[in-house]
């Protein structure tokens with residue numbers, strides 16, 4: 001006898017979650033068929049790289065399979081899946097920021113003393129910013145994200161992200177301009 005399908009049109013939506021919790025490959029395939037395109041678009045927009053986005057989707061499904069037993073109790077599967085994706089993307093963004101910081105530190109260690117002193121001034125000025133403004137600056141400059149993407153990462157509007165960036169840049173200019 002054929003097992004119940006994870007098709008979203010099934011009268012009982014819990015059946016799809018039960019199939020997933022049971023580890024049925026066809027349930028995961030159905031979930032991917034239904035949400036894969038949207039998941040990829042969201043991850044690509046947040047990460048700005050299709051390859052990284054594809055890796056995030058793979059990590060998402062590995063996570064779902066590993067923790068499948070808990071899926072039977074999930075009320076809104078779509079929201080749950082997108083929440084996991086968001087957490088994975090944020091983890092990848094943090095890894096990218098750490099890598100970029102390490103590269104900057106390495107490059108600074110190989111520069112002349114005057115340049116290192118200037119980099120230290122910049123780092124001190126950045127450290128003096130409020131955390132929300134510092135995040136906006138690093139996501140924009142180091143992460144290369146758009147204000148819409150920064151807003152998504154920080155869970156604020158694109159306008160708020162742009163404002164935080166603008167205020168931060170004004171403070172940095174004031175702190176870094178030579179005093180006369």
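Go ahead and run the numbers for FRET between residue 38 and residue 94, Cβ-Cβ distance against an R0 of 25 Å, rounding to 0.05. Mind dumping the intermediate values first?
Details: r = 23 Å, r/R0 = 0.94.
Working from the Cβ atoms, E equals 0.60.
Among 84-92, 69-77, how do they line up from the highest to the lowest mean number of other beta-carbon atoms within 10 Å? Walk me through the numbers on the way to the answer.
Details: 84-92: 17.9, 69-77: 13.6.
Averaged packing, sorted descending, gives the order 84-92, 69-77.
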When only alpha-carbon atoms count, how far does the stretch 112-180 stretch along each of its three principal axes, as whole angstroms with the largest first? 38, 25, 16
Peptides 169-177, 43-51: what's the order by average Cβ count within 10 Å, highest mean first? 43-51, 169-177
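Quick note: the coordinates plus some simple rules give every number you see, no bench work behind them. Remember, predicted model here, so these are calculated numbers, not experimental data. A quick note on method: Cβ atoms are made from the backbone with ideal geometry, for glycine too, and the neighbour counts reach across all protein chains shown.
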